[in-house]
Amino acid sequence: MNITYSTLSDQGERKVNEDCLGVVNMKEGIGFVLCDGLGGHGKGDVASAFVVEKMQEALENSFSLEAGILYAQQHLMEKQIQEHAQNSMKTTVAALTISDDKARFAHVGDSRIYYFENSKYIQRSQDHSMPQLLVKCGEIREKDIRHHEDRSRLLRVMGTEWENPKYEVVENIPVTEHTSFLLCSDGFWELIDERHMCKTLKKAKTPEEWLQSMRQIVLKNGRGTNMDNYSAIAIFIR
């Protein structure tokens, strides 16, 4: 199987891009990481870049996703103390690893990982957000998340004290020659729905082509809305 990918990260209509992403060549396989710093807490760009760096270190040294997130979280908490920034430097994280014929993904916050098979949407990570909680409780519908007034209210993030691990992991995802993944920040997925992700995926011959087709939809839907930073990683296994 051949793994190809494409990345993009743009500040949108904001002054600073607080998103960060990275790709890791592991001893067995490949890893992808995407973080979205929390601008309202200050130093979100520092936090996202730092967590991507630490996740890369961990995965390069054969840490599991779970161990990598805990490693990054520990170092981020220490960095906050060193820089007297305990109330800032917070970020989401979304990470995916592919090894042999299996994939795993983990996340904290509302940066998402999408899984597609034969250009059909199969599964995504579940946001650690108030709207996602309301969906689970049956109070709103899935499609209402994107425009909910509390969509930026996160229930779990990197850079806050954890009494127990806050990540969620999805594992044993079978990888075939028709599998695709998308990692993206909320500035991306809020402006394109799963139907358009699949529609553009069916037509795309490369991850770059898929990403650019989706980007056009994101830009069209975000025009005049004070667009947030938006970032994504598109991955093809063929």
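Which members of the stretch 10-51 meet the condition of being polar (S, T, N, Q) and in contact with a Cys (Cβ under 7 Å, 6 or more places away or on another chain)? The answer is SER48, and nothing else. Screening ALA58 against (1) over 15 Å from the mean Cα position of the chain (by Cα); (2) open to solvent by 50 Å² or more (accessible area, probe 1.4 Å) leaves a single unmet condition, (2).
The values are calculated or read from the model by the stated rules, or taken from the named source; none is laboratory data. The shown structure was predicted, so the numbers you read here are calculated from the model rather than taken from an experiment. Glycine gets a Cβ as well: all are built from the backbone with ideal geometry, and neighbour counts include every protein chain shown. When the accessible area is computed, the model is the full protein with side chains, heavy atoms only, and any ligands, DNA or RNA have been set aside. Shrake-Rupley method; radii C 1.70, N 1.55, O 1.52, S 1.80 Å.
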